[in-house]
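The numbers here are math on the coordinates, done by the rules we state, and not lab data. Keep in mind it's a predicted model, so treat the numbers as computed, not measured. FYI the Cβ positions are ideal-geometry reconstructions off the backbone, even for glycines, and counts take in every protein chain you see.
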Amino acid sequence: MKIEDYKEIAKHINILNVAYHSNIEVIKQNGSEFSAICPFCGYKDNKRESNLKLNSIKNTYHCFKCGNSGYSIGLYAKLNFMDNKKAFKELISREFFSIDKSQLEIIPINKMADVEYRNLVYSEFLSMLKLNIKHKRYLQSLDFTSSSIEECNFKSIPSKIISRKIICSNLKRKYNLEGIPGFYMHEDFSWDFFAPDGFLIPVYDDYNNIQGLSVHLDKEFNGTEYLWFSSNNKINGTPARNWITKANIYEHTQTIILTDNLLTYNLIRQVEDKAIMAFSGVTNSYSILKELEDTNVENIVFTIRKLEDNQRLDYMIEKIFKDLLCKGYDITYKYIENYKDILEDNFLDNIKLKVA
């Protein structure tokens, strides 16, 4: 959806309409500003204090007592315990009709831009970012050299929203950010991007295009240290896919290393000229089998990072390797306690994978 469409729609998501649908009591008007009872703090101790200011031009709200503030969509979302995208759709269904009174069709998800265009945007985006010292030291502790860190193009995610908005402002002068996973709009139509605490890992396709970005989190979330750089369920956002990346796999290749850890993948690529494939977030064998089409691969060595993580290996067996074994692939696995194990001569001495 074009920004002009959002602006036209936003006229009908007026802060006063949101106040009406949210049963907010408006007390008085002063031009485009309205005083109202704050739904968050205005009724405490049986008091009715009109500390909430509503601006019907900017579609903003601000409570001078409790500090709650933002835009009309965000107010509706907060009061109804939902994300902004769901709030946006609900308000549209209640409020907006075009001039000829036919209901406007809302497209909830942007179509993803093609990989060549994503590569252009992501390449310039990464050039605007830096790798902070904390993340650099972490990578060095995993045995990445300074040159390999630079070659892999790891970059830290800015935590300050003003930094992100400046980056987006510069990016959008050259590129349309619609259809680029990770980028989305705020209610004031300013662009922003997904920003958890961590650093970005570019994920390349067979032609060295950046097809997507993975986030290596500073702290695990829901049992994983990786998230895709995605803006699903955001205004004008685009979801990412579970991309697979590979190197040195050709038609005649018979044995490959497989890992679900993108740092393991990058380190092996830096120090060993081996056939390797990496995935993240894949929940079945289809994507892997697709990548192995037109090859002679027979042997797969799955590299798993933590010796104690038997639960994760069991999950892989049930969801992915079970199908691969049925199709005749010989699968073994190799535990590594740290990344330096990859450099040992017996790295591919491994354990036969068996399915009960």
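Regarding the stretch 115-228, what's the average projected area of the Cα-atom convex hull, expressed in nm²?
Values: hull surface 31.6 nm².
Over all viewing directions, the stretch 115-228 projects a mean Cα-hull area of 7.9 nm².
Rounded to two decimals, the Cα-based Rg/Rh of the stretch 119-162, with Kirkwood Rh, is 1.01. Placing a label point 7 Å from the Cα of Y138 along the Cα-to-Cβ direction, the residues of the stretch 254-270 with a backbone N closer than 17 Å are 261-267.
If you count, for each residue, the other Cβ atoms within 10 Å and average over each peptide, how do 163-174, 210-221, 55-66 line up from highest to lowest?
210-221, 55-66, 163-174
Can you work out the FRET efficiency for the pair D273 and S69, with r the C-beta to C-beta distance and R0 = 56 Å, to the nearest 0.05? Calculated value: 0.50.
Contour minus end-to-end for T145 and Y207, with contour as 0.36 nm per residue of separation and end-to-end as the Cα-Cα distance? Intermediate values should be presented prior to the final figure.
Values: separation 62, 0.36 × 62 = 22.32 nm, distance 2.49 nm.
Taking 0.36 nm per residue and subtracting the Cα distance, the gain is 19.8 nm.
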